[in-house]
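The block underneath contains the structure these notes are about, expressed in structure tokens.
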Amino acid sequence: MRKATLRTRAFDPANYLESDADIAAYLDAVLEENDPALLAAALGDIARARGMSQLARDTGLSRESLYKGLSGERVPSAETLMKVIRGLGFKLTVSPS
């Protein structure tokens, strides 16, 4: 008898970010970690869920720079992060903890 081969694929949060509420909850969870690289990676997940090409047009940044900057391997500038957040249709707010 042959054993069945189990095939798996990497988890991709972009596949589950279907609504603004999903995205807001995801960003809230990521911001709790206080990790700028994780925030950049999460914004990359959201950008891929929404469409990287459209985000590039909305922010004036190239797709290549967005993929690099939002990979989570490095921390993009605050200016880039703000452009991406605005380009995705969100705003950053602060509240007391």
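The table for this structure:
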quantity	calculated
Over the chain, volume per residue of the alpha carbon convex hull, in Å³	143
Rounded percent of accessible protein surface that carbon and sulfur make up, region 1-50, 1.4 Å probe	50
Over the chain: helical MRE at 222 nm, DSSP H runs n ≥ 4 each giving -39500 (n - 2.57), nearest 500	-16000 deg cm²/dmol
Estimated vicinal HN-Hα couplings, Hz - region 4-17 in sequence order (Karplus 6.51, -1.76, 1.60; Gly, Pro = x)	6, 8, 8, 10, 10, 9, 5, 5, 10, x, 4, 6, 10, 9
Rounded tilt (10° steps) of 78-87 against the dominant C-alpha axis of the chain	80
Accessible solvent surface per residue of the chain, calculated while the other protein chains remain in place, 1.4 angstrom probe, Å²	74
On Cα atoms only, tilt of 20-31 relative to the major axis of the chain in degrees	80
Region 13-81, relative contact order in percent, only Cα pairs under 8 angstrom and at least six apart counted	35
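The values are calculated or read from the model by the stated rules, or taken from the named source; none is laboratory data. Keep in mind it's a predicted model, so treat the numbers as computed, not measured. Just the protein is used for accessible areas: all its heavy atoms, side chains included, with ligands, DNA and RNA removed. Shrake-Rupley method; radii C 1.70, N 1.55, O 1.52, S 1.80 Å.
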